[in-house]
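*Asks:* Structure below; questions to follow.
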There are 2 protein chains.
Amino acid sequence: MDDGPDDLPPFDLGTFLPYRLAVAAKRSSEDLARLYRDRFGLTVPEWRVLAHLAGAGPDISVRDVEAGIQLERYEVSRTAARLAAKGLLEKTASPADRRLVVLRLTPAGRALLAELLPLAQAYQARIEARLGAAGYQGLDAALRALEAEED
Amino acid sequence: MDDGPDDLPPFDLGTFLPYRLAVAAKRSSEDLARLYRDRFGLTVPEWRVLAHLAGAGPDISVRDVEAGIQLERYEVSRTAARLAAKGLLEKTASPADRRLVVLRLTPAGRALLAELLPLAQAYQARIEARLGAAGYQGLDAALRALEAEED
DNA sequence: CAGTATTCGTTGCAATTGCTACGATGTCAA
DNA sequence: TTGACATCGTAGCAATTGCAACGAATACTG
């Protein structure tokens with residue numbers, strides 16, 4: 001019966017913030033992913049790279065994307081290679097600095113985004129509606145605080 | 001110069017909630033992971049399984065863990081196998097239902113948690129302090145709303 | 001009780017990931 | 001100019017992951 005002294009402090013993972021954030025992030029990512037996985041065959045990093053290209057200027061290198069979407073360089077590189085294989089973007093060496101690889105959406109890529117971005121925006125609107133204005137502002141403020149540098 | 005008609009709606013990944021949640025989750029997970037990766041050689045799923053065992057009763061099966069910590073069954077199985085190999089928990093067949101595998105912390109596992117849990121709690125306290133009482137309550141409420149069923 | 005369906009946990013296989021090293025290009029200083 | 005150093009992107013390799021199929025044990029149905 002006796003498992004020994006209960007020397008462990010009480011702990012509930014369900015109230016633990018890193019865990020809760022991970023669960024919320026995974027859940028919303030998966031909800032969203034249903035929009036683009038089944039319909040367009042995209043993975044999460046593929047979606048991110050495309051979304052970044054949609055929102056940024058025309059001459060974007062791998063390192064620009066890396067800085068913008070919180071992926072490691074090699075992951076951007078591999079994701080871009082896959083997207084290029086699918087015909088959604090082109091990779092060309094930058095004439096100004098031949099170390100750089102410029103990523104540019106193809107017409108097919110733009111067409112896909114023209115369909116997908118409104119769906120993403122609708123998803124965002126749905127979440128905001130569910131949280132309510134005050135709730136959303138609270139979340140926004142908290143995320144902003146978490147995004148800020150610490151240490 | 002002309003890239004064709006700008007047929008894409010404006011979109012900024014930086015304001016997109018699934019993305020922001022993913023970034024915040026990854027960041028806090030990594031901050032926390034520094035506590036247990038360098039020091040105890042644990043991975044995230046290993047930490048989660050141990051934390052769940054710490055907070056739950058003594059007779060916990062793989063499927064109980066699965067339900068509790070948002071991991072797929074096979075991931076719990078593999079994680080438990082690794083933890084068993086490290087000597088942090090034992091796996092035994094349940095006498096009541098021999099399909100079930102009961103996971104139980106070893107003394108080494110309990111000792112590790114006795115060191116680690118206070119660090120995790122301190123981390124949580126630090127985040128709450130950074131957010132302030134109002135900020136934390138706002139985040140808590142929003143996460144609760146996101147955790148609730150939708151559809 | 002026999003036969004079928006379901007649950008539980010594990011594993012094989014292919015794909016993805018993370019780390020590290022590498023070649024290619026560019027920068028800087030003497 | 002030349003040589004050391006930094007940056008960019010890629011690729012090799014090992015480890016992890018996701019999926020699906022499987023064997024074992026139990027529950028259900030007639």
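*Asks:* For B:A25, state whether it is at the interface with another protein chain (Cβ under 10 Å from one of its Cβ atoms), under 30 Å from A:Q121 (Cα atoms) and surrounded by 21 or more Cβ atoms within 10 Å (Cβ to Cβ).
*Replies:* Yes, satisfied.
*Asks:* Restricting the search to the range A:67-97, which residues are of a type in the set (D, E) and under 11 Å from A:P45 (Cα atoms)?
*Replies:* Within the range A:67-97, A:E72, A:E75 qualify.
*Asks:* Here is a follow-up. If I go through the range B:106-127 residue by residue, how many of them are closer than 29 Å to A:L143 by Cα and of a type in the set (K, R)?
*Replies:* Of the residues in that region, 1 qualify.
*Asks:* Going by the conditions given, is B:I60 in contact (Cβ under 8 Å) with a residue 40 or more places away in the chain and either more than 12 Å from DNA strand C (Cβ to nearest atom) or buried (at least 16 other Cβ atoms within 10 Å of the Cβ) (or both)?
*Replies:* For B:I60, the condition - in contact (Cβ under 8 Å) with a residue 40 or more places away in the chain and either more than 12 Å from DNA strand C (Cβ to nearest atom) or buried (at least 16 other Cβ atoms within 10 Å of the Cβ) (or both) - is met.
*Asks:* Tell me whether the range B:65-72 contains one or more residues that are farther than 24 Å from B:P18 by Cα, more than 10 Å from chain A (Cβ to nearest Cβ) and not polar (S, T, N, Q).
*Replies:* Yes, there is a match, as at least one residue in the range B:65-72 is farther than 24 Å from B:P18 by Cα, more than 10 Å from chain A (Cβ to nearest Cβ) and not polar (S, T, N, Q).
*Asks:* Scan A:Y123, A:Y36, A:Y136 and give me the residue that is more than 18 Å from the chain's Cα centre (by Cα), crowded, with 18+ Cβ neighbours inside 10 Å and among the aromatic types (F, W, Y).
*Replies:* From the options A:Y123, A:Y36, A:Y136, the qualifying one is A:Y136.
*Asks:* Here is a further query. Condition check: within 12 Å of chain B (Cβ to nearest Cβ), more than 15 Å from B:F11 (Cβ to Cβ) and free of Cβ contacts under 8 Å to residues at least 60 places away in the same chain. Does A:R99 satisfy that?
*Replies:* no
*Asks:* Among the listed residues B:L83, B:L116, B:L89, B:L105, which satisfies the condition of being closer than 18 Å to B:V49 by Cβ and in contact (Cβ under 8 Å) with a residue 60 or more places away in the chain?
*Replies:* Result: B:L116 is the single residue among B:L83, B:L116, B:L89, B:L105 that is closer than 18 Å to B:V49 by Cβ and in contact (Cβ under 8 Å) with a residue 60 or more places away in the chain.
*Asks:* With respect to the numbered conditions (1) open to solvent by 20 Å² or more (accessible area, probe 1.4 Å); (2) under 28 Å from A:R99 (Cα atoms); (3) more than 7 Å from chain B (Cβ to nearest Cβ), which one is the sole condition not fulfilled by A:H52?
*Replies:* (3)
*Asks:* Could you name every one of the helices (runs of 4 or more DSSP H) located completely within the range B:58-151 that has at least 1 residues being more than 16 Å from DNA strand D (Cβ to nearest atom), hydroxyl-bearing (S, T, Y) and closer than 22 Å to B:R37 by Cβ?
*Replies:* The helices (runs of 4 or more DSSP H) meeting that bar are B:107-147.
The values are calculated or read from the model by the stated rules, or taken from the named source; none is laboratory data. The structure displayed is predicted, hence computed values, not measured ones. Don't worry about glycine lacking a Cβ; one is built from the backbone with ideal geometry, like all the others, and counts go over all protein chains shown. The accessibility values were calculated without ligands, DNA or RNA, using every heavy atom of the protein model including side chains. Shrake-Rupley method; radii C 1.70, N 1.55, O 1.52, S 1.80 Å.
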